[in-house]
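Report on the following structure.
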Amino acid sequence: PPFPPNERMKRGTDLEPIARDLFNIKTGWDMQPAVLVKDWAMASLDGRDDSIGCIVEIKCPGQKDHATAIQGKIPDQYYPQLQHQLYVAGVQFAYYFSFD
């Protein structure tokens with residue numbers, strides 16, 4: 001990988017607010033970060049807009065995962081995280097937003 005894991009996480013953390021702002025501009029929604037608890041589970045959401053009943057998971061990945069997203073596919077390793085977030089948020093729909 002082009003970045004060691006700790007640098008990749010820092011990159012994602014630094015870029016996430018910019019990516020969320022772009023997502024909100026493109027959609028006209030107001031996704032805001034949230035931490036939710038449901039039963040035994042907790043999820044830290046990159047964005048949630050209760051008025052539309054969905055969430056967004058933002059990734060600032062490497063080339064391979066971003067190329068997968070450009071093809072309209074979610075990289076396999078993110079499915080468990082998204083399923084968990086859907087359960088905790090109690091919504092039926094999540095957006096996966098890849099930002100580079």
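Here is how the numbers come out for the structure above:
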item	result
The chain: relative contact order as a whole-number percent, Cα under 8 Å and 6+ apart	28
Solvent-accessible ranking of F93, F23, largest area first, probe 1.4 Å	F93, F23
Percent breakdown of C-alpha pair distances by 5 Å bin, ordered from the shortest bin, for the chain	2, 13, 23, 24, 22, 11, 4, 1
Net charge of neighbours whose Cβ lies under 15 Å from the Cβ of N24, counting Lys and Arg as +1 and Asp and Glu as -1	-4
Mean accessible surface per residue for the chain, computed with a 1.4 Å probe while every protein chain stays in place, in Å²	64
Karplus-derived 3J(HN,Hα), 6.51/-1.76/1.60, for each residue of the stretch 33-49, Hz, glycine and proline x	x, 7, 10, 10, 10, 9, 6, 8, 10, 10, 9, 9, 8, 6, x, 8, 10
Sequence of V56, V91 when ordered by accessible area, the most exposed leading, probe 1.4 angstrom	V91, V56
Estimated 222 nm signal from helices in the chain, with DSSP H stretches of n ≥ 4 weighted -39500 (n - 2.57), rounded to 500	-13500 deg cm²/dmol
Nearest-10 value in Å² for the accessible area of L22, using the 1.4 Å probe	60
Most to least accessible of M42, M31 (protein chains only, probe 1.4 Å)	M42, M31
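The values are calculated or read from the model by the stated rules, or taken from the named source; none is laboratory data. Values in this document were obtained by computation on a predicted structure and should not be read as measured data. Note: ideal-geometry Cβ built from the backbone for every residue, glycine included; neighbour counts use all protein chains shown. Areas reflect the complete protein model, heavy atoms only, side chains present, ligands, DNA and RNA absent. Shrake-Rupley method; radii C 1.70, N 1.55, O 1.52, S 1.80 Å.
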